Amino acid sequence: MASVTITGDKRLMRQLASLGGGAQRRIMRPAITKAAKLVVKTARPLVSVDEGLLKKSLGTQINTYKTGAVIARIGARSGFSETDEDGNTRDPKNYAHLVENGTIFQGPQPFLRPAMDSNRGTVKQIINKEVGQRIKKELAKTK
């Protein structure tokens, strides 16, 4: 899984938390989701295709924690396994890291890292824009 850490200033995070009523979640979660979807969209064409199972399985999982942190996990999702006629099961979540990083037998064929690296600036812009728009919405609700 690729990751990027975007840390907001502590004052902003305290202000978001002070809005209460789940406002921090309503502000951050959609912003992180939108940015993560861009990375997935960029990563899909970079996946080397054997049967296309890994490419189909790419997606995001968004988690929100009590601390207010919103984390996007980008990579192979569950539920995309296939069983061949010999009874062997292929599950992309079990081998995506081997494709990305390589093995002693096969060189790396990165797809997540280049997608994240090429979109790093855009991801930050998307998050900033979405957070700004959603803060305005939340403040309008309180008036």
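Can you pull out every residue in region 41-70 that is modelled with pLDDT under 90 and under 30 Å from Ser18 (Cβ atoms)?
Thr64, Tyr65, Lys66, Thr67, Gly68, Ala69, Val70, listed by residue number.
Among the residues of region 84-116, which ones are acidic (Asp, Glu) and surrounded by 13 or more Cβ atoms within 10 Å (Cβ to Cβ)?
Listed by number, the residues that qualify are Asp91, Glu100.
For region 24-143, which fully contained helices (runs of 4 or more DSSP H) count at least 1 residues that are aromatic (Phe, Trp, Tyr) and in contact (Cβ under 8 Å) with a residue 24 or more places away in the chain?
By residue number, 92-101.
The values are calculated or read from the model by the stated rules, or taken from the named source; none is laboratory data. Fair warning: this is a prediction, and the values are worked out from it, not measured in the lab. All Cβ positions, even for glycine, are placed from backbone atoms using ideal geometry, and neighbour counts span all protein chains on display.
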